[in-house]
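Some notes on the structure that comes next.
The values are calculated or read from the model by the stated rules, or taken from the named source; none is laboratory data. Remember, predicted model here, so these are calculated numbers, not experimental data. Note: ideal-geometry Cβ built from the backbone for every residue, glycine included; neighbour counts use all protein chains shown.
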Amino acid sequence: MNIKTGQEQGIHTGRRILITGGRAPAALDLARQLAEQGYEVYAADSMASPLIRFSTCIKRYEMLPAPRVDEAAFGTALAVMVEKYSIELLIPTCEEIYYIAKLRGKLGSCMVFTDEAEKLTALHSKWAFIEMVREAGLAAPETKQLRSYTELKQLHNPASEQIWVLKPVYSRFATKVHIWHANESPPPAAELQLSADSPWVAQAFVAGQEYCTYSIAKDGKLLAYSDYAVDFTAGRGASTFFKPCHQPQLRQWVETFAGHTQFTGQIAFDFIIDESGAVWPLECNPRATSGLHLFDRRDRLGRALWGTGQPSSIIMPQQSRGKMIAAAMLAYGLSQQRRQRGLWRGSWHWLASMAGGRDVIFSWKDPGPFLMQGYVWFDLWRRARKAEQPLIAFTTADIEWNG
């Protein structure tokens, strides 16, 4: 009888991992995958009751001060938690990563799985990222940095057919994106609030199919990769349905860029592939994103995240079934598809996707997050309303990094 050891089976009993940004479905999914591989998983966030708090896959959850409000207190509390639970590996998943990156080397023997703060900030910038793409010898859409409303008005040309995508240099969820035809009047200055302190970019609109990728890299070597075509979204922003599409030209692009930047950590990109097959990068998120949902226990992401015993080949999702955030699909999916595809085709596409996809929140082994998501979202909605902020913006208001 051939009995494999725990290490041979990908089980790592007792190794302690702390996941921050527990509000994100991706953080919950990652925690479940790592717990099933035998890791001891701890979680933290600056929210009182994120989804991950109700999961049985974590050993302990602690609420931290909001880094955007009190960065010093956040760092102190995080260091205390790392020491208290003898954390060996810290994995940030949301925008708290930009604050945590500053703490690399200051948390004792705990390894922080992220790159240096300066590099992360450049990748997060929708202007600096495009400059990095060009430095790597890769093609990028024409992109202009706008530091005043006057610079935007200079792009106005009644005879031009140019279409620009306007967005803040530091932004998320596409909540402030404007699609502007250069032969029309620019959006009102008061609506953009564009300034040298809050610059925007104007990026040439590229027609084609939008894709998202998620990867893990170590010292420039690509260790894990997934991609999916954008189909269902919450408004213009975050995707709510994910299915592997295995685009080799996108994987090659990510390998090239990761190698050029010698990147370490989790990194995600938004792309357009046009009719000719050309790849156009739009923006970068150097953190966990929804592409993580395409992996499962069989893929053993812990090998890549730990950075030891690195796989001999790139880890890619073994399963092909679509994943979804079912609550968001119910809230946004049907109406969106009816607008895009028409009443009957849109309804059928939504229904088929709902029937064929698997909710990333629901788990028979770990039902708590699914059962409590209504409470979590109602509490967020109530507090967002009190703060007079849109719900989506409120979900990251306490951890945002805007340079």
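Brief remarks follow.
- Count of the range 97-136 residues which are out of contact with any Asp or Glu (no Cβ under 9 Å at 6 or more places or on another chain), within 23 Å of Lys167 (Cβ to Cβ), part of a helix (DSSP H, G or I) and not hydroxyl-bearing (Ser, Thr, Tyr): 11
- Some residue of the range 226-246 being charged (D, E, K, R), in a strand (DSSP E or B) and crowded, with 18+ Cβ neighbours inside 10 Å: yes
- Index of the failed condition, Ala207 passing every other in (1) surrounded by fewer than 18 Cβ atoms within 10 Å (Cβ to Cβ); (2) under 24 Å from Lys119 (Cα atoms); (3) touching a residue at least 40 places away in the same chain (Cβ under 8 Å): (2)
- Filter result (surrounded by fewer than 24 Cβ atoms within 10 Å (Cβ to Cβ), in contact (Cβ under 8 Å) with a residue 60 or more places away in the chain and part of a loop (DSSP other than H, G, I, E, B)) within the range 276-295: Ala278
- Selected residue (only one of Glu135, Glu83, Glu88, Glu96 is crowded, with 24+ Cβ neighbours inside 10 Å and of a type in the set (D, E, K, R)): Glu96
Per-residue answers, yes or no, for (1) of a type in the set (Asp, Glu); (2) at pLDDT 95 or above; (3) closer than 23 Å to Gln252 by Cα:
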{"site": "Val112", "(1), (2), (3)": "no, yes, no"}
{"site": "Leu123", "(1), (2), (3)": "no, yes, yes"}
{"site": "Ile130", "(1), (2), (3)": "no, yes, yes"}
{"site": "Gly137", "(1), (2), (3)": "no, yes, yes"}
{"site": "Lys144", "(1), (2), (3)": "no, yes, no"}
{"site": "Glu151", "(1), (2), (3)": "yes, yes, no"}
{"site": "Asn157", "(1), (2), (3)": "no, no, no"}
{"site": "Pro186", "(1), (2), (3)": "no, no, no"}
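- Any hit, the range 291-313, residues being touching a strand residue (DSSP E or B) at 6+ places or on another chain (Cβ under 7 Å) and closer than 27 Å to Val169 by Cβ: yes
- Each residue in the range 138-161 was checked for being surrounded by 13 or more Cβ atoms within 10 Å (Cβ to Cβ) and in a helix (DSSP H, G or I), and 3 pass.
- Of all positions in the range 128-142, none carries a residue that is out of contact with any helix residue (DSSP H, G or I) (no Cβ under 7 Å at 6 or more places or on another chain), over 30 Å from Tyr99 (Cβ atoms), of a type in the set (Val, Ile, Thr) and not assigned by TED's automatic domain parsing to the domain that holds Ile100.
- Across the range 27-80, the qualifying residues are those that are among the polar types (S, T, N, Q) and buried (at least 17 other Cβ atoms within 10 Å of the Cβ), and the one among them that is farthest from Asp398 (Cα to Cα) is Gln37.
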